[in-house]
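Heads up: the structure comes next, in structure tokens.
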Amino acid sequence: MRRHRLIITLITLAAAAIAGGALVQRALRRTSLGDVNGVQLLASVMERVRESYVDSLSQDELWRRAAVGLVDELGDPNSTYLPPDRLKRLTEATSGVYSGVGIQPDRREGYVVVLAVRPNSPAEQAGVQAGDRLAEVDGLAMKGWTIEEARNAMRGAPGSTLRLVVERGSARIAFAIQRGEIHVVSVARAMVLDGRVGYAMLSTFSDSARLELTRTVDSLVAVGATSLILDLRDNPGGLLNQGVAIADMFLDKGQEIVEVRSRGSAREM
């Protein structure tokens, strides 16, 4: 009986697929003749999927998948659909600002540990230290968590309280930390090396990258640097205008840096 049901199910799915394909082909043929516009084609396909697809999908989910598929079908590696959560992460990365406690997590031997604590952050003020093992967050055991899971759990609305338990050696220490606005600096490290060589590590092209690097270079020159190493290793990128502005700091006046092309026009920067 189970086998018969499986066969019937497969036949039903195959019939639905054939009918759906025939519908699309019919609509495409009609579209080429000008009888049906693109909106009607999309509506027809979505209606077929809504009625005949093996799983039930909400109307919002159908529209979301249509949007994802539309952008994917462009075949453009520089175009992508960003749902709200990814857009939020992108905004945080490019602005360098997020709401949390200022802990940089890492994962070691199955545990999430504190890699670093941002200066003047709520976590630093509370007494959290680099090397602490994160044991619990808001009553949940964190063993086996990923870095992303830990990072999401520690972020939240400004003013909200994060209840954190860390293990430091054999001790367990509990913290109640009020979340606040955290600003991630673009220039992660700067120093003067032997030979009066300035060194600056630029971690991201955020909206303050040009300003921060300008101040850093001025400071390095003030203490004797006569040349500069700009370290871009592990820099994931960021805002184009900030990249152009930083390149402009080191190139001759009027030198072309990049050309941005859009439909029917081009703009040099």
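First measure r as the distance between the Cβ atoms of L140 and T91, then evaluate 1/(1 + (r/R0)^6) with R0 = 22 Å and state the FRET efficiency to the nearest 0.05.
That pair, L140 with T91, gives E of 0.25.
L74 versus R172, label points 7 Å from Cα toward the beta carbon: distance in nm?
Here the modelled spin labels are 5.1 nm apart.
Can you tell me the FRET efficiency between E181 and V244 if r is taken as the Cβ-Cβ distance and R0 is 30 Å, rounded to the nearest 0.05?
0.65
Given R₀ = 30 Å, FRET efficiency for V223-A188 by Cβ-Cβ distance, to 0.05?
Taking R0 as 30 Å, the efficiency between V223 and A188 is 0.95.
Hey, rough spin-label estimate for L115 and L62, points 7 angstrom out along Cα→Cβ, what's it come to in nanometres?
Those two pseudo-labels are separated by 4.4 nm.
Where a number appears in this text, it was derived from the coordinates with a stated rule and is not lab data. These numbers come from a predicted model, not from an experiment. Note that we place each Cβ from the backbone using ideal geometry, even for glycine, and neighbour counts take in every protein chain shown.
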